[in-house]
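Down below is the structure, laid out as structure tokens.
Every number here is computed from the coordinates shown, using simple stated rules; none is lab data. Computed from a predicted model, the values in this text were never measured in an experiment. All Cβ positions, even for glycine, are placed from backbone atoms using ideal geometry, and neighbour counts span all protein chains on display.
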Amino acid sequence: MVKLVTRIVWRKRRRIRKNARKIPKGVIHIQASFNNTIITVTDERGRLIYWSSAGTCRFKGPRKGTPFAAQTAAADAIRIAMDQGMQRAKVLIKGPGLGRDAALRAIRQSGIILNFVRDVTPMPHNGCRPPKKRRT
């Protein structure tokens, strides 16, 4: 039986009440686009534990797509996950953005043991027709 502990988390100057579960293993999803990087931490069944992005770490505009913003977002998400007892994790990376490697480096430095790292970027097999080229 998993014991639930109710905590209050401050995010963006608002109180969020979370039920903290003790989770030893989980999955870390990194979604890196050119404009932003989103880090989502889930348990093995896919239930959300915490998420963070470059925008929630107070980066605005073009700075959201930088590797430093991705590193900061990853460190923020991992800190909450480690507080809930996460020790091992799988990492799934999606997208072509600059924050892919920086976020992975931040996760490795945090002390969580990584079972595997997999790239799950969707690749078209010549499916949809691309839009027309832009005329300038």
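Once Rh for segment 60-136 is found with the Kirkwood sum over Cα pairs, what is the Stokes-Einstein diffusion coefficient at 25 °C and 0.890 mPa s, in µm²/s? The estimated diffusion coefficient comes to 168 µm²/s.
Taking label points 7 Å from Cα along the Cα-to-Cβ direction, ARG21 and LYS60 give a separation of 3.7 nm.
A simple count of charges around ILE78, restricted to other residues whose Cβ falls under 13 Å of its Cβ and scoring Lys, Arg +1 and Asp, Glu -1, yields +2.
Report summary: the helix-based calculation at 222 nm, which adds -39500 (n - 2.57) for every DSSP H run with n ≥ 4 and divides by the residues of the chain, gives -7000 deg cm²/dmol. Summing charges over neighbours of SER33, with a neighbour being any other residue whose Cβ is under 11 Å away from its Cβ, gives +3 when K and R count +1 and D and E count -1.
Within 13 Å, Cβ to Cβ, of LYS94, how many net charges do the neighbouring residues add up to if Lys/Arg are +1 and Asp/Glu are -1?
Summing Lys and Arg as +1 and Asp and Glu as -1 gives +1.
Given their separation in residues at 0.36 nm each and the Cα-Cα distance between them, GLU44 and THR121 gain 25.7 nm when the chain is fully extended.
Helix 67-83 axis versus longest C-alpha principal axis of the chain: approximately 20°, rounded to the nearest ten.
Computed on the chain, with alpha-carbon pairs under 8 angstrom and 6+ residues apart, the relative contact order is 23 percent. Normalised by residue count, the chain yields a Cα convex hull volume of 140 Å³ per residue. The magnitude of the dipole of segment 25-119, with charges of +1 and -1 set on the Cβ of Lys/Arg and Asp/Glu and taken from the Cα centre, is near 100 debye.
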